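This report refers to the structure that appears directly beneath it.
What follows is calculated from the coordinates using simple rules that are stated; it is not laboratory data. Worth saying up front: this structure is predicted, and the values here are computed from it rather than measured. Ideal geometry is used to build each Cβ from the backbone, glycine not excepted, and the neighbour counts take in all protein chains shown.
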Ligand code: MN
């Protein structure tokens, strides 16, 4: 594989996590206050306090938005990490605390991008539980800090962004032309009970089920009739939705009256093709990629690793070796990300 000297492709990875001491400390406080089980705590305990070797490596890599990260990128021929504050962002914090930590993390992120302008780009963290402050932060992060888009980690206190109280955030994102990366977290505590017996509430199934449902609720809730230019990005090859488009359209129309659904201007699949982008994060499966190109076109798919939770070599190896055209690889590796996130070309 060509790596060190001249990579075969300019590779922009679009779902790459970092953390800060402020976020970790805030989450430690949350876990100290809530002593019982919460579906997002196992991963947070791994991140902030586990002494297992693998967890310590992840912790160190999350906190490094500098030299060490760039070295690993170079080892595998990755040009750019589009960084986002690791899930659950600030969404488990009290509203005032969430606003403060979001600002701190966005400032740190912008500083890292300034230090490495050709190697890092960034998605701003948004505190949905404080909608008015969130709007201000969207305007600051995109307008002043020049970050490249937004990240929201699925539900906030069990609510999805289709609730009208969150629409000012969507309105601001559309106005600033900032795509929202709808990143997973575990289903809310009530829903997660059904997954918990066999430990299915995290990346094995729960994240995808939660985030896919959230994305579908944005469509059926009429968000894209109200905000037709809004762009939502889904990881993990679209959180299952590309596989299900036929049935969503069919059942949406068939049961429209019986289920008293909201009237939409278009078919659900049409919004999915026009208002959504998907990424390859954590789904290094060439057969699924080929299916998604067929369903959505290569113009709607971007490369992602899910660093540091999954391995850079697996993500690069899978896409390098995928039996798809060179032209499609160029789109997926960098051209689409440059367009959607306004990342300058090389
Ligand atoms: Mn991720």
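Expressed in nm to one decimal, what extension gain is obtained for the pair residue 286 and residue 267 from 0.36 nm per residue of sequence separation less their Cα-Cα distance?
4.0 nm
Can you give the Rg/Rh ratio of segment 194-322, where Rg is from the C-alpha atoms and Rh is the Kirkwood radius?
Checking Rg against Rh, the ratio lands at 1.00.
Please compute the length gained on full extension between residue 255 and residue 32, using 0.36 nm multiplied by the number of residues separating them and subtracting their Cα-Cα distance.
Value of the extension gain: 75.7 nm.
How many percent of DSSP beta bridges within the chain run antiparallel, rounded to 5?
If I count the DSSP bridges inside the chain, around 5 percent turn out antiparallel.
Just 237, 191, 251 to compare: in a GNM of the chain, with alpha carbon springs under 10 Å, which one fluctuates most?
251
Can you give me the Rg/Rh ratio for the chain, using Cα atoms for both radii and the Kirkwood formula for Rh?
0.94
With r defined as the distance between the Cβ atoms of residue 314 and residue 132 and R0 fixed at 41 Å, what FRET efficiency is calculated, to the nearest 0.05? Intermediate results must be reported in sequence, preceding the final value.
Numbers: r = 42 Å, r/R0 = 1.02.
It comes to 0.50.
Starting from the Cα-Cα distance between residue 225 and residue 164, subtract it from 0.36 nm times their residue separation and give me the gain in nm to one decimal.
Result for the pair: 20.6 nm of gain on full extension.
Treat each spin label as a single point 7 Å out from the Cα along the C-beta direction, and report the residue 297 to residue 139 distance in nm.
3.5 nm
For the chain, what does -39500 (n - 2.57) per DSSP helix run (n ≥ 4), summed and divided by total residues, give at 222 nm, in deg cm²/dmol to the nearest 500? Display every interim value, and only then the final one.
Values: 17 runs with 164 residues, N = 346.
Computed ellipticity for the chain at 222 nm equals -13500 deg cm²/dmol.
Which of the three applies to segment 70-143, rounded, prolate or oblate, going by the alpha-carbon gyration tensor with a ≥ b ≥ c and a/c under 1.5 meaning rounded? Provide the component values of the computation, followed by the final result.
Numbers: a/c = 3.06, a/b = 2.10, b/c = 1.46.
Prolate shape, in that a/c is at least 1.5 and a/b is the bigger ratio.
How far is it, in nm, from the label point at residue 25 to the one at residue 49 when both lie 7 Å from their Cα along the line to the Cβ?
Label at residue 25, label at residue 49, 1.7 nm between them.
Any idea how far the Cα center of segment 176-216 sits from the one of segment 111-161, in Å?
Between the Cα centres of segment 176-216 and segment 111-161 lies a distance of 20 Å.
Take the Cα atoms of segment 253-346, find their three principal axes, and give me the spread along each one in whole Å, biggest first.
Largest first, segment 253-346 extends 49, 27, 27 Å along its Cα principal axes.
Order the peptides 24-34, 277-287 from the highest to the lowest mean number of other Cβ atoms within 10 Å of their residues.
On the way: 24-34: 14.5, 277-287: 21.2.
With the highest mean Cβ count within 10 Å placed first, the list reads 277-287, 24-34.
If you count, for each residue, the other Cβ atoms within 10 Å and average over each peptide, how do 179-187, 36-44 line up from highest to lowest?
Descending packing order for the listed peptides: 179-187, 36-44.
What are the semi-axes of the equivalent ellipsoid for segment 4-76, taken as the square roots of 5 times the Cα gyration tensor eigenvalues, largest first, in whole Å?
Ellipsoid semi-axes (Å, largest first): 31, 12, 11.
Just report the Cα centroid separation between segment 60-75 and segment 229-265, whole Å.
38 Å
With a Förster radius of 35 Å, plug the Cβ-Cβ distance of residue 194 and residue 146 into 1/(1 + (r/R0)^6) and report the FRET value to the nearest 0.05.
FRET efficiency, residue 194 to residue 146: 0.25.
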